[in-house]
Amino acid sequence: MLAHELLNSLTVIGGYAATLRVAAQTGSSELVAQCAEVIERHSGQMEALIRASQDVRLLELGEMDLATRDLDLTDAVREAIDQQDQALADHTIDVVTDGPVTVLADAVRLRQAVTSLLTNAAKFSPAGTRIGVSVSSTDAEATVTVTDEGPGIPADKREQVFERFGRLSHKAPGSGLGLYIARGVARLHGGELIALDVDSGAAFALTLPRAG
């Protein structure tokens, strides 16, 4: 699967690189810009896939280190949304929070886990629909919940989406590693990531212990 995804992107990059050479010779700035955008996008997808495979190895060997510090979970969630503005552009993002809530977490890994939930929701729900993001807390823990208006997950398949390479549909792009890594990151923090039982769409809850 990894080889297939990487080869697909390499094939696209090779084709557009050849087109880019022609565009440069003919002086077509519009075609140059189009080719550059496609090459950049597929290069990014390849990098993400390689990094994901590295993270899987670190998780399975127990070698993923966390650089934890006190973080405001609400701020971390908003940063993840802002950084994925292009991937989320076709959706309305509704954010509801209880205000500041501090967790002891690795900022990069936390943002990675939240990003997986956001991009997963965008990938599997129709354009123009709502993605809900809420941050809530108790005295002991804080939770980020991401909901979407997609087809949802059958009850007997909820654990399958957290398996390594677990994919319910092969029509949508992706490696099947995002939720696997996100759950691993949550558990490294002493938290958890689960798929919730909802009437429609899908919902995921990422829980982390409160700082202190």
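Given Cα pairs under 8 Å that are at least 6 residues apart, what percent is the relative contact order of segment 2-61? Each step should come with its number before you reach the end.
Details: 29 pairs, mean separation 24.7, N = 60.
So the answer I get is 41 percent.
Only four residue types carry charge here, +1 at the Cβ of Lys and Arg and -1 at the Cβ of Asp and Glu. Report the dipole size of the chain about the Cα centre in Debye, rounded to the nearest 20. Each step should come with its number before you reach the end.
Details: 18 positive and 29 negative charges, 132 e Å.
Around 640 debye, computed over the chain.
Remind me, relative contact order of the chain in percent, using alpha carbon pairs under 8 angstrom and six or more residues apart? Walk me through the numbers on the way to the answer.
Working: 335 pairs, mean separation 39.3, N = 212.
Relative contact order comes out at 19 percent.
For n ≥ 4 DSSP H runs only, could you compute -39500 (n - 2.57) per run for the chain, divide by its residues and tell me the 222 nm figure to the nearest 500? Please list the in-between numbers first.
Values: 5 runs with 98 residues, N = 212.
Per the formula, -16000 deg cm²/dmol.
Would you mind working out the magnitude of the charge dipole of segment 19-70 relative to its Cα centre, with +1 at each Lys and Arg C-beta and -1 at each Asp and Glu C-beta, to the nearest 20 Debye? Walk me through the numbers on the way to the answer.
Working: 5 positive and 9 negative charges, 50 e Å.
The dipole of segment 19-70 has a size of about 240 debye.
How large is the Kirkwood hydrodynamic radius of segment 2-61, in angstrom, based on all distinct alpha carbon pairs? Walk me through the numbers before you get to the answer.
On the way: mean 1/r = 0.0790 Å⁻¹.
The answer is 12.7 Å.
Could you state the principal axis extents of the C-alpha atoms in the chain, from the largest down, to the nearest angstrom?
65, 40, 35
Estimate the FRET efficiency between R187 and K123 by the formula 1/(1 + (r/R0)^6), using the beta-carbon distance for r and 22 Å for R0, to the nearest 0.05. The partial results should precede the final answer.
Numbers: r = 23 Å, r/R0 = 1.06.
So, using R0 = 22 Å, E works out to roughly 0.40.
Taking segment 68-171, which trypsin sites (Lys or Arg not before Pro) meet the DSSP loop condition and have no more than 11 other C-beta atoms within 10 Å?
Taking segment 68-171 and a limit of 11 other Cβ atoms within 10 Å, the loop trypsin sites (Lys or Arg not before Pro) found are K171.
Between A18 and E30, what is the label-point separation in nm under the 7 Å Cα-to-beta-carbon projection?
2.4 nm
Mind listing which GluC sites (Glu not before Pro) in segment 60-121 are in a DSSP loop and have 15 or fewer other Cβ atoms within 10 Å? Write out the running numbers ahead of the final one.
On the way: sites: E60, E63, E79; in loops: E63.
Here the GluC sites (Glu not before Pro) that fit, given the DSSP loop and packing criteria, are E63.
Projecting each Cα onto the charge dipole of the chain (Lys/Arg +1, Asp/Glu -1 at the beta carbon, about the Cα centre), which of T119, A107, T11 comes out farthest on the positive side?
T11
What FRET efficiency would be calculated for the residue pair L2, A155, taking the C-beta separation as r and a Förster radius of 30 Å, to the nearest 0.05?
Numbers: r = 30 Å, r/R0 = 0.98.
Calculated transfer efficiency: 0.50.
Could you work out which residue, out of V144, V32, V198, moves most in a Gaussian network model of the chain, that is, has the largest mean-square fluctuation with Cα springs under 10 Å?
V32
Gain in length, E60 to D85, computed as 0.36 nm per residue apart minus the alpha-carbon separation, to one decimal in nm? Spell out each step's value before the answer.
Working: separation 25, 0.36 × 25 = 9.00 nm, distance 3.12 nm.
Value of the extension gain: 5.9 nm.
Considering only DSSP states other than H, G, I, E and B, which GluC sites (Glu not before Pro) in segment 88-187 qualify as loop sites with at most 13 other Cβ atoms within 10 Å? Mind showing how you got there, number by number?
Values: sites: E141, E149, E159, E163; in loops: E149, E159, E163.
Here the sparse-neighbourhood loop sites are E159, E163.
Where a number appears in this text, it was derived from the coordinates with a stated rule and is not lab data. Remember, predicted model here, so these are calculated numbers, not experimental data. Cβ sites come from the backbone with ideal geometry, for glycine too, and all protein chains shown count toward neighbours.
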